[in-house]
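Trainee: One structure, pasted below without further comment.
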Amino acid sequence: MNDNRKPVEKACPICGRPAVEETKPFCSKRCADVDLSRWLGGVYRIESPDRPDAEETDERE
């Protein structure tokens, strides 16, 4: 297999291999798809300052 992709400085966040420019910050489309699957599956979350139960508490008071 001839791999002409250029590595970039940082490592892939999924597998740790050197990232490549075409799929940056990942090393391959596979690792990019793994990351997308984790986002869509709810593995990754972004915390917010609002608590999910805050609205329920406000409604009861």
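Trainee: Amide H to amide H under 5 Å from A11: which residues, 5+ apart in sequence or cross-chain, H placed 1.01 Å off N in plane?
Mentor: A19
Trainee: What's the extension gain from R38 to K10 if we count 0.36 nm per residue and subtract their Cα-Cα distance?
Mentor: On the way: separation 28, 0.36 × 28 = 10.08 nm, distance 2.06 nm.
Length gained between R38 and K10: 8.0 nm.
Any read-out appearing in this document is the output of simple, stated calculations on the displayed coordinates, not a laboratory observation. Every value quoted in this text rests on a predicted model; they were computed, and no experiment measured them.
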